[in-house]
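Working notes, structure below.
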Amino acid sequence: MPRAFSVRSLALCASAVALALSGCATWHSAEPASPPLRHNPEFTYDTSGVTHATLTAAEQQVSVGNERYVSLVFNGDYDSPLIRTRPGGTMAIRLDNRMDEITNLHFHGMQVSPLDQGDNIFRVTQPHQVGEYNVKLPLAHSPGAYWYHSHFHGGSQRQVSAGIAGPILVDGMLDPFPELKGIKEQVLVLRNFQRTLTGKVASEIITSAPSIRTINGQEVPIIDIKPGETQLWHFINIAANQYFRIRINGQSMQVLSRDGNTVTRRVDTDQVLIGPSARFSVLVVGPAAGSYEVETGSGNTGPAGDDYPAAKLAVLRSSGERVATRQITSAYPTAEDFSKIAVNKTRQFAFQDSDTDPNAFLINGTRFELDRVNTTVKLGDVEEWRLFNPSQELHQFHIHQVDFQVTEINGKPVQFSGYRDNVFIPATGSITVRIPFRDPVILGKFVYHCHILEHEDGGMMQAIQVVKPEDYEQAVKLEPLGGLYGENNQLCSYLRNTGQDPKASSPLIK
Amino acid sequence: MSNYRLAVLLLGSVCGVEATLADDGQYPNVGMDYDATFQYDHVHADVPQGGNRNSTDAYPDINSTFYFRFTHDQQIQLSTEINPVDGPEPGQKRFFEDVGLVINDLNYYQNNANSAFSVGKYHVPFGRAQDQAPGLYTEDFVSTYDLDGMLGGTVAYRFFDQQLGMIEPNVSLYTADNSFLGRPYLRHGEKLQRSDGGPSNTGKLDSYAVTVNWIAIPAVPYLEMQAGYMFNKKAEDQTQPDPPGEDDETIKIASARYIWAYGPSTGLEPTLAGRYFDIVPFIEFADVDNEDGIQGNDTRYLTTSLTFDFGDWALGATRTDKHRESTGGADRQDYLNELSLTYNITGQIKLGLSAGTQKEDGQMSELVGLALTYSGGY
């Protein structure tokens with residue numbers, strides 16, 4: 001055996017591993033007793049349906065699970081406020097940015113106007129300024145779980161990871177199921193916070209780095225239930241990059257809604273796969289008395305992707321007298337199956353990692369450019385988009401303002417069970433979706449992107465404008481200049497670019 | 001300072017650095033990426049005349065890239081590498097010896113919506129075997145066209161078509177680095193001198209490379225192809241207008257890589273659970289005229305590899321043939337066979353093992369290597 005391949009080299013090798021593990025990779029603190037699940041602070045709507053909320057974004061010390069970190073949070077808490085609204089309601093949000101950095105808000109999954117003070121991610125709020133949002137939900141808006149978060153391009157990964165994100169509930173999900181009326185609802189906000197040596201939020205997010213995974217800001221809280229009791233759990237994944245693969249030890253769950261869209265048929269599962277930005281609302285029935293671990297499996301997003309370990313998220317504690325289980329007996333709401341109709345246009349999009357720059361991510365060879373529109377769509381059209389992924393890691397497609405139907409995965413048909421607003425694109429695979437651009441409320445400019453925010457910040461995002469059919473030619477011409485709605489996505493820009501009289505009644509407002 | 005203390009210092013410094021600002025979308029800012037590898041190589045050389053035929057080398061290889069970002073798209077980047085400046089002599093046994101620091105990149109880099117360019121000291125984007133063939137040693141075997149630390153610039157443009165996919169031409173203009181950036185630091189060693197000769201060592205921007213990458217083709221989305229041409233101007237000798245035995249080096253290259261994934265393993269659940277499986281064949285052919293600027297030293301490289309990825313594991317087999325044409329006697333055939341295994345211990349720590357056989361300049365040897373890498377950023 002050669003001299004250098006000796007005990008000393010092996011010792012050094014072991015030291016290197018030990019250094020990496022102890023100094024950089026893992027910190028295990030003593031595990032305290034599990035606290036009961038706490039409920040998010042909440043803003044709800046008044047009798048006129050308006051939810052007034054002030055979200056004060058600031059850097060301060062907060063509890064992340066059982067540890068203290070200086071982070072960027074809303075209203076002084078890592079557990080951000082829940083904003084509750086209803087179809088036809090309005091969210092009047094005041095974003096008080098007390099951070100030393102730019103930020104903004106996106107109302108994820110909501111079919112609302114992207115213009116002006118609506119869900120307009122082209123607006124930003126400067127440091128120590130206040131931004132106003134006035135988001136009006138259509139009466140037909142789908143009830144369910146949504147969320148709000150920073151969509152500041154280039155900084156969204158870090159801000160969302162730090163805490164600039166929170167849950168939204170649109171009431172009414174149980175209305176089609178009167179037999180479930182009165183069951184307990186639990187909002188379970190899933191997060192991932194990177195551990196650091198400095199006690200401050202990480203400056204560069206490394207998805208595979210050791211982290212603290214929390215529900216409602218808590219590490220391993222106890223969720224109480226009675227044997228036989230039916231509860232509605234809203235899992236909302238507001239982590240910047242991570243997937244959650246959740247099981248309740250030995251228990252099955254019944255999916256009631258995905259991404260704020262009630263499913264159209266019964267879907268049972270013993271595991272929910274919740275991609276970055278996804279929401280699953282599931283019915284959970286209390287098992288026999290005892291404690292059951294709620295855990296997320298390890299995550300591996302492909303040979304070129306991230307790798308993170310499994311974690312215990314919570315404990316389901318079943319105790320007390322057995323109660324009657326509520327079952328769905330009503331018919332599921334129906335929804336149009338877009339796989340049955342002829343589409344107006346088909347497009348292809350390659351979501352790919354850059355071969356030359358590890359920090360660059362591309363859609364059709366392009367990095368996001370703020371002052372350019374990439375895709376123009378006519379209002380009323382239903383389009384088929386084939387999304388393919390030549391990279392050896394997952395991507396997570398999301399489009400603002402609209403829901404879509406997944407019709408194929410890797411070219412194989414998918415049985416229809418409802419709409420989504422985000423979906424994984426397999427590593428070296430493809431997804432086909434059909435998107436209805438029908439609701440006039442979405443007229444305006446918005447984006448589609450990978451919701452692994454590291455990829456979005458790296459450029460895997462494009463801008464889309466939805467225009468009235470008569471404005472289509474003009475809108476296409478204006479794509480390189482920021483599109484019909486101008487750089488800031490405003491109604492006045494639309495009027496100017498279409499040559500209309502600003503005083504005239506706006507077709508967009510109609 | 002003993003080699004052991006140096007080892008601990010280097011590894012400790014990587015793990016102990018306090019956080020700085022990174023790319024948080026607020027500009028200007030600074031950031032850093034790094035990877036730290038501990039590598040152990042064992043080479044058994046088949047030396048006809050006898051003697052000590054085993055050489056071993058345990059060493060660090062620490063790559064750090066520092067960024068000073070002006071905007072989301074514009075930055076200055078400085079890449080350094082700490083590793084042995086030269087390889088071991090045959091029969092030599094080394095432990096953290098001859099470790100120095102070299103500057104691989106110091107350039108201005110701009111990546112726009114459809115284009116990218118860099119200017120300064122940089123790596124010439126040419127060939128793929130050095131990055132895509134699995135294993136620890138292929139990169140060195142094809143170093144003839146893997147040009148690091150050149151002075152010059154490169155510009156790339158990405159075209160995309162709904163039928164054709166992405167076509168990315170790339171043009172580079174460069175010369176060898178004779179400046180202070182080309183010398184090793186923290187250890188002995190000299191910068192490249194003009195008098196050392198060699199291709200593109202002219203002090204002028206008169207060497208160039210052109211490549212075209214063709215990828216993301218909708219009909220065959222997992223096929224990647226590259227073709228390229230490189231021209232490295234022969235070194236100029238001021239004492240002789242046309243130095244004998246030297247000539248311009250030219251390299252023509254073509255490669256293809258295909259990723260075949262087992263369909264059922266690409267679902268979301270199997271992927272996340274670490275059961276994603278793919279097979280990646282790769283082939284690259286390079287035709288070199290006047291290698292190293294030596295007239296008539298014509299060679300051909302053929303690299304073929306197969307990689308099996310399964311969750312946290314990657315198994316690779318690579319063979320590189322190097323055929324040298326001889327004007328007089330028989331042609332010479334060198335080669336490198338390499339079998340490698342990589343395991344991701346965590347998302348940030350991976351272990352690589354490699355074993356192979358090599359024939360280089362007529363000498364046979366067996367290689368065994370181990371590399372433990374920790375990656376991170378601030």
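Mind jotting down the distance between the C-alpha centroids of segment A:55-84 and segment B:98-131, whole Å? Spelled out, the Cα-based centre of one part sits 40 Å from the other. Model label sites at A:Q60 and A:A342, defined 7 Å from Cα along the beta-carbon direction, differ in position by 6.0 nm.
Here the Gaussian network model covers chain B, with springs between Cα atoms less than 10 Å apart; of B:I82, B:I217, B:I283, B:I217 fluctuates the most. Counting Cβ atoms of other protein chains within 10 Å of each Cβ in A:302-312 and taking the mean gives 4.
Partner shielding of B:157-164 amounts to 3, given as the average count of beta-carbon atoms from other chains within 10 Å of each residue beta-carbon. Whole-Hz Karplus values for segment A:447-456 come out as 9, 10, 6, 7, 8, 7, 5, 4, 6, 4 Hz, taken residue by residue from phi with 6.51 cos²θ - 1.76 cosθ + 1.60 and θ = phi - 60°; glycine and proline positions read x.
Here each label is just a point 7 Å from Cα along the line to Cβ, and for B:L164 and B:D331 those points are 3.5 nm apart.
FRET efficiency for the A:Q474 to A:K412 pair, using the beta carbon distance and R₀ = 30 Å, is estimated at 0.15. Sequence-distant contacts, meaning Cα pairs under 8 Å at least 6 residues apart, place the relative contact order of segment B:126-244 at 22 percent.
Entry note, chain A: relative contact order of 13 percent, from Cα contacts under 8 Å with a spacing of 6+ residues. Less than 5 angstrom separates the built amide H of B:Y185 from those of B:L101, B:V102, all sequence-distant by 5 or more or on a different chain.
Backbone amide hydrogens, once placed in the peptide plane, bring A:G89 within less than 5 Å of A:L137, excluding anything fewer than 5 places away on its chain. Counted residue by residue at 0.36 nm each, then reduced by the alpha carbon distance between them, the extension gain from B:L205 to B:D131 reaches 24.0 nm. Between B:L136, B:L106, B:L192, the residue with the greatest mean-square fluctuation in the GNM of chain B (Cα pairs under 10 Å linked by springs) is B:L192.
For segment B:261-282, backbone nitrogen atoms closer than 19 Å to the point 7 Å from A:Q271 Cα along Cα-to-C-beta are found at B:262-278. Using only side-chain charges placed at the Cβ, +1 for Lys and Arg and -1 for Asp and Glu, the dipole size of segment A:300-410 relative to its Cα centre rounds to 520 debye. If both residues of a DSSP beta bridge must be in segment A:338-498, then about 75% of such bridges are antiparallel. Karplus-derived 3J(HN,Hα) values for segment A:463-472, using 6.51 cos²θ - 1.76 cosθ + 1.60 with θ = phi - 60°, are 9, 10, 10, 9, 10, 5, x, 6, 9, 4 Hz; glycine and proline are entered as x.
Averaging the Cα positions of each part gives two centres, and for segment A:195-227 and segment A:367-387 these lie 36 Å apart. Once the dipole of chain B is set up with Lys and Arg at +1 and Asp and Glu at -1 on Cβ about the Cα centre, which of B:A330, B:T346, B:P60 lies farthest towards its positive end? The listed residue farthest towards the positive side: B:T346.
For segment A:292-304, backbone phi angles converted through the Karplus equation (6.51, -1.76, 1.60; θ = phi - 60°) give residue-by-residue couplings of 10, 6, 9, 10, 10, x, 5, x, 10, 9, x, x, 9 Hz, Gly and Pro being listed as x. Of the residues B:N83, A:H106, B:F117, the one whose Cα sits farthest towards the positive end of the charge dipole of the protein assembly as shown is A:H106 (charges of +1 on Lys and Arg Cβ, -1 on Asp and Glu Cβ, taken about the Cα centre). How large, in Å, is chain B by the Kirkwood hydrodynamic radius built from its alpha-carbon pairs? After inverting the pairwise mean of 1/r, the radius is 22.7 Å. Close amide H partners of B:A235, meaning residues 5 or more places away or on another chain with modelled amide H under 5 Å apart, are B:G198, B:S200, B:N201.
Taken over the protein assembly as shown, the alpha-carbon convex hull comes to 174 cubic angstrom per residue. If you run the Gaussian network model on chain B, springs between alpha carbon atoms under 10 Å, then out of B:N290, B:N29, B:N63 the most flexible one is B:N29. Each of the GluC sites (Glu not before Pro) that DSSP puts in a loop and that has at most 13 other Cβ atoms within 10 Å breaks chain B; the longest unbroken stretch is B:19-189. Peptide A:417-429 has a mean of 4 when you count, residue by residue, the C-beta atoms of other protein chains within 10 Å of its C-beta. Quick one: work out the % antiparallel among DSSP beta bridges in chain A, nearest 5. Roughly 75 percent of the DSSP beta bridges within chain A come out antiparallel.
Ranked for footprinting exposure by Cβ neighbours inside 10 Å, fewest first, A:S430, A:S34 give A:S34, A:S430. Pairs spanning more than 20 Å between alpha-carbon atoms, out of A:K445/A:K468; B:K93/B:K322; A:K184/A:K226; A:K181/A:K226; B:K191/B:K252: B:K93/B:K322; B:K191/B:K252. Dividing the mean sequence gap of close Cα pairs (under 8 Å, 6+ apart) by how many residues segment A:338-498 holds gives a relative contact order of 28 percent. Estimated from the Cβ-Cβ distance and a Förster radius of 30 angstrom, the FRET efficiency linking A:Q126 and A:D171 is about 0.35.
Given bins 10 angstrom wide, list per bin the percent of all Cα-Cα distances in chain A, short to long. Taking all Cα pairs of chain A, the binned fractions are 4, 18, 29, 27, 14, 5, 2, 0, 0 percent. Here the protein assembly as shown is assigned +1 on the Cβ of each Lys and Arg and -1 on the Cβ of each Asp and Glu. Its dipole about the Cα centre then comes out at about 3080 debye. At an R0 of 30 angstrom, the distance between the Cβ atoms of B:I283 and B:S195 translates into a FRET efficiency of 0.20.
Among beta bridges from DSSP that stay inside segment A:42-318, the antiparallel ones total about 75%.
None of the figures in this text is laboratory data; all of them are computed from the coordinates on show. Just so it is clear, the structure is predicted and the values come from calculations on it, not from any experiment. Cβ coordinates were reconstructed from backbone atoms using ideal geometry, including for glycine residues, and neighbour counts include every protein chain displayed.
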